[in-house]
1. Tell me, what is the FRET efficiency for LEU26 and LYS193 to the nearest 0.05, using R0 = 25 angstrom and their Cβ-Cβ distance as r?
2. Over region 71-161, with every protein chain in place, what whole percent of the accessible area is carbon and sulfur at 1.4 Å, could you tell me?
3. Among ALA21, GLN11, PRO57, pick out the residue whose Cα is farthest towards the positive end of the charge dipole of region 1-64, where Lys and Arg carry +1 and Asp and Glu carry -1 on C-beta, about the Cα centre.
4. How large is the helix-only mean residue ellipticity at 222 nm for the chain, computed as the sum of -39500 (n - 2.57) over DSSP H runs with n ≥ 4, divided by its residue count, in deg cm²/dmol to the nearest 500?
5. Suppose we keep just the DSSP beta bridges with both residues in region 1-136; what percent of those would be antiparallel, to 5?
6. Check the straight Cα-Cα distances from LYS107 and name the lysines below 19 Å, setting aside those fewer than 8 residues away within the same chain.
7. What percentages, rounded to whole numbers, describe P(r) for the chain computed over all alpha carbon pairs with 20 Å bin width beginning at zero?
8. Which loop-located chymotrypsin sites (Phe, Trp or Tyr not before Pro) does region 1-106 contain, where loop means any DSSP state but H, G, I, E or B and the Cβ has at most 15 other Cβ atoms within 10 Å?
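The values are calculated or read from the model by the stated rules, or taken from the named source; none is laboratory data. Values in this document were obtained by computation on a predicted structure and should not be read as measured data. No Cβ is skipped: glycine too gets one built from the backbone with ideal geometry, and neighbour counts run over all protein chains shown. Accessible surface areas use protein heavy atoms only, side chains included; no ligands, DNA or RNA. Shrake-Rupley method; radii C 1.70, N 1.55, O 1.52, S 1.80 Å.
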Amino acid sequence: MWQDFPLFPEQASTIARGVDALYFYLVGVSVFFSILIFTLIFSFAIIYRRRSEDERPKAIHGSMSLELFWSGVPLIIAMSFFGWGASLYFTNSRAPVGAMELHVVGKQWMWKIQHPEGPREINELHVPVGRAVRLIMTSEDVIHSFFVPAFRVKMDVLPGRYTTVWFEATKPGEYHLFCAEYCGTEHSRMGGKVIVMDAVSYERWVSGEGAGESMAQAGQRLFSELRCDTCHQPEGTGRGPALEGVFGSVVALQNGQSVEADEAYLRESILNPGARVVAGFNPVMPTFQGQVNEEQLLQIIAYLKTLGDGGVAGAAPQQGGGVNTP
Ligand code: CUA
């Protein structure tokens, strides 16, 4: 619609239209009231101007109905911002079940992306069209922000934490990817492109790139190279808790509390094992800080996710792996 005059980036994701609609509504309301207020200021200044030196206005003692009117109407308008904004926010922050998961690591000054099947890329992100994609993101150094204007998504990428963002691209093509948080000298050049492909080309791309091991297989290799398996044995016979089915479960802790074993908890337990020790175990695990980088952490977590019900690593690294083509 703005092809000849690109005030707005293309609408290339399922949520783009909704975000724009809310934006136009906010602009519309602001413009309407700005015009109304300016018109009233000028016309009142003329209509009620002082016409002679000794003119005294009549005393007014307020009007309940007027007070209610100008309190009630703005309340309704403000609540419409809130209601609409909140519902959009919830839609945009919860990825649909079965979304494919890709992993993003931000670093001064590049975006590193890992696909579960194995391919890795830098400053490029290949995704299939018409399929929900959830990004699990972290930073190796400072705060970055993952921003794809055409998808209307932007999310901070923080060191020591996982943040997620999801989108479903609606048209094949190439879209700009930016870092939207000042992160040092080369911040303005920390960008790239998102390449949206049809499902068949994407499958071909993934299998063409992914000659190596999958993320889960790499994680499994690290798991044995780092000797995690000497303590974390199946059936809980080792010195550490068994990790089968741990991802997504609720874990009882030594201090009486409990925690959901999500990506953040698994990451913390690898880097800072003493922080939240599982009930019934001693804090004997050494830290792996400095021995595994962010990408390797994601690989180990990808492997732990496959341990769902004793499944074989690499066989199904993707949750809800069914391809839902449009
Ligand atoms: Cu990374 Cu700005």
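1. With R0 = 25 Å, the Cβ-Cβ based efficiency is 0.30.
2. Values: 2490 of 3860 Å².
Carbon and sulfur: 65 percent of the exposed surface of region 71-161.
3. PRO57
4. When only DSSP H runs of four or more count, the value is -11000 deg cm²/dmol.
5. 65 percent
6. Output for LYS107: LYS154, LYS193.
7. Spelled out per bin, shortest first, that is 25, 44, 20, 9, 2.
8. TRP2, TYR48
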